[in-house]
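First up is the structure itself, then whatever we jot down about it.
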Amino acid sequence: MVSVRGALLLPYPRKRVARTAQRMANLGLVRGSSGNVSLRIGERILITASAIPYKDLTARQVIEIDYKGERYSGSGSPSSEWRMHTAIYRARKDIQAIVHTHSPFATAAAISLTELSMENDDGKLLFGDTIPVARHKPAGSWELADAAVDALSDGKGVLLACHGVVAVAYRLEEALALAQKIEEMAQLSFLSRQTRNSVADN
């Protein structure tokens, strides 16, 4: 890592963040510029820029910030959810990557449920019996950041009430895979509830 006027020259990690965000969009976990991706590098955080569609996102538009949200490099403004990312990194020394999605089934679960039950063994092995839903707070606020940290605790993922999904891991690839798996678990939960209701009606 080389420092120039306090900024870190990190071309490869920036590319990894941009590629993860693009893959997140290609998987249908977000649309347009919704959601965000970050990677911790020492005392700095690389996070996707605000309001830039992922299909157009370049490595230059991955923003370098510190834990106070001060921007050191990158073109544009950091994601409006930077507070949540920094709060989670402060609380969890074991993780280096965060993926935040607005995937449809998981977001529906975050709107309608107080927790997402794991319906199969695969989900239980990854997440335990349930994935918690953090209490509803305004998007981009410190209140939301605190709610996410509290609900996430030492887990791998959390739903944000009426909002979306946060998945955390040591590696970007793993965080993205967990976000994808949470969407799969939310879809299974919805389908299993529909099936049980149909059987009960008959």
Would you check if there is a residue in the range 113-125 being in contact with a strand residue (DSSP E or B) (Cβ under 6 Å, 6 or more places away or on another chain) and of a type in the set (Gly, Ala, Ser)? yes
Would you be able to tell me the number of residues in the range 75-111 that are more than 14 Å from the chain's Cα centre (by Cα), more than 23 Å from Glu174 (Cβ to Cβ), outside any helix (DSSP H, G or I) and touching a residue at least 40 places away in the same chain (Cβ under 8 Å)? 0
Mind checking which pairs have a first residue in the range 20-36 that is of a type outside the set (A, V, I, L, M, F, W, C) and a second that is assigned to a helix (DSSP H, G or I), Cβ under 6 Å, 6 or more apart or different chains? Thr20/Leu172; Thr20/Leu176; Gln22/Tyr54
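Results for (1) farther than 25 Å from Arg16 by Cβ; (2) polar (S, T, N, Q); (3) in a helix (DSSP H, G or I), shown as yes or no for each residue.
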| residue | (1), (2), (3) |
| --- | --- |
| Glu119 | yes, no, no |
| Gly123 | yes, no, yes |
| Glu143 | yes, no, yes |
| Glu173 | no, no, yes |
| Leu176 | no, no, yes |
| Leu191 | yes, no, yes |
Per the list (1) farther than 30 Å from Ala186 by Cβ; (2) touching a Ser or Thr at 6+ places or on another chain (Cβ under 7 Å); (3) at pLDDT below 95, residue check on Glu64 breaks on (3)
Could you check, for the range 41-56, whether at least one of its residues is surrounded by fewer than 16 Cβ atoms within 10 Å (Cβ to Cβ), over 18 Å from Leu172 (Cβ atoms) and touching a residue at least 40 places away in the same chain (Cβ under 8 Å)? no
Of these, Ala18, Ala59, Ala109, which one is of a type in the set (Gly, Ala, Ser), surrounded by 14 or more Cβ atoms within 10 Å (Cβ to Cβ) and under 26 Å from Thr130 (Cα atoms)? Ala109
Residue within the range 186-201 that is touching a Lys or Arg at 6+ places or on another chain (Cβ under 6 Å) and over 21 Å from Gly28 (Cα atoms) present: no
Residue selected from the range 137-163 under the condition surrounded by 21 or more Cβ atoms within 10 Å (Cβ to Cβ) and closer than 24 Å to Pro13 by Cβ, by the criterion nearest to the chain's Cα centre (by Cα): Gly157
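The values are calculated or read from the model by the stated rules, or taken from the named source; none is laboratory data. Note that the coordinates shown come from a computational prediction; the quantities given were computed from them, not determined experimentally. Glycine also receives a Cβ, built like all others from the backbone with ideal geometry; neighbour counts cover every protein chain displayed.
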